[in-house]
Amino acid sequence: LKVGMPMGNSSQAEGSAPAADGAGEPQEGGDAAVDPQEAAQKDAFENKLELAMQEKERGSALYKEQKYAEAREAWEKALSEMPEGKNTNLSRLTVSIQLNLAQVCLTLKDYEEVVKQATAALELDEENAKALFRRGVARDSLGQALGAASDLKKAARIEPRHAEIRKKYEEFKKKALELEEKEDEDYTPNHNVDALPRTFIDVAIGSAPPRRMVFALYTDSAPKTAENFRQLCTGEHEGATARGNPFHYKGSVLHRMIPGLMVQGGDFDNANGTGGESIYDRRFADERFADKHTRRGLLAMANDGPNTNGSNFFVTFAAAEHLDRHHVIFGELVEGWDLLDELEKLPTDEECRPLTDCVIADCGELKAAA
């Protein structure tokens, strides 16, 4: 087929018809007379079912002949003739016809009807990979990227070895990433810094008295990441890390300085960038890469790759465009520029660790003035 997966006829369409509700059950009283009304209902049921199956088979033959409009008409008639009843075999046959309709409508590029028929099939069989796949393809064609991504991802999970599903899912992931990158390129956040929540860290360099840096947190563009940082500043998150340490930056160090690039901290477990955990779980996923590393004083998450955010953070010393789309920016420095200047000038060892300890003596949230 040009689009979608092989048709595959339902075994019910190929074999015997589904039994009517109650068919085959023993009747009380042995040779008791059959109720005329029940007999008429059974005959009507079987007649409708036979017609539905005939139209289904006719549609399949027409589809093979590439007579797609006629095949659609036959399958629509088959669906309309399906008798009512709460019967597992009836449901399977109905789903089979709905999937065929979704397939032919994909071929005819009637994507809205594909979504309608696939959704109806999923109401009867929510784990049907074919229905998810065909609806995902249709949603992609309709520009419904989020819905398409959800459908194709679930279809690939249900049928991980199905080559066509995997291929389409991988193609869509690449396309979705390209669309997301374009959206981010066209999007420029306009942060109202004065209205954003603020946190502080007081840093003691060696034996010198602590000095303060204040950050405005981008709750408007990276709310989850900003909230993680805020709670790690306040220490309000209950429990302890796997190493038994509190979820709190207080007492941790700024362990990495790269002049012209950034200063990093936030590892309250190992003090070297390999430890620390988020308030959500040990690691959490990237939010939108809305901001770019265009200037000094931006607050961003350090990580070990995509979707590995924990507690480590860094503050930029300068623009660093090569970090764009790799690290989520979630705030900016608003006070303490002189301290940032001093940190950049500190001598470091070969691993970029400052030779003088830089301890976060205190940290927390600054409440807005009443």
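None of the figures in this text is laboratory data; all of them are computed from the coordinates on show. Since the structure is predicted, the reported quantities are computational estimates derived from the model, not experimental observations. Using ideal geometry, Cβ is built from the backbone for each residue, glycine included, and neighbour counts are taken over all protein chains shown.
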Within a 10 angstrom radius of the beta carbon, how do 279, 165 rank from fewest other beta carbons to most? 279, 165
Violations at 26 Å Cα threshold for listed pairs 67/130; 56/154; 86/116; 167/224; 168/292 -> 56/154; 167/224; 168/292
For the stretch 193-366, convex hull of alpha carbons as volume per residue, Å³: 105
So if the hydrodynamic radius of the stretch 76-234 is defined as the Kirkwood radius over C-alpha pairs, what does Stokes-Einstein give as its diffusion coefficient at 4 °C and 1.567 mPa s, in µm² per second? 66
Hey, what D do you get for the chain in µm²/s if you plug the Kirkwood alpha-carbon radius into Stokes-Einstein at 25 °C and 0.890 mPa s? 97
Using +1 at the Cβ of each Lys and Arg and -1 at the Cβ of each Asp and Glu in the stretch 231-319, identify which of 315, 301, 239 lies farthest towards the dipole's positive end. 315
Can you tell which of 141, 155, 60 lies farthest toward the positive end of the dipole of the stretch 54-165, using +1 and -1 charges on the Cβ of basic and acidic side chains (Lys, Arg; Asp, Glu)? 155
If 127, 351 are placed from fewest to most neighbouring beta carbons inside 10 Å, the sequence is 351, 127
What dipole magnitude, in Debye to the nearest 20, does the chain give about its Cα centre under +1 on Lys/Arg Cβ and -1 on Asp/Glu Cβ? 820
Run the simple label-point estimate for residue 355 and residue 208 please: 7 Å along Cα→C-beta, distance reported in nm. 1.5
Burial order of peptide ranges 93-105, 308-320 (average beta-carbon count within 10 Å, highest first): 93-105, 308-320
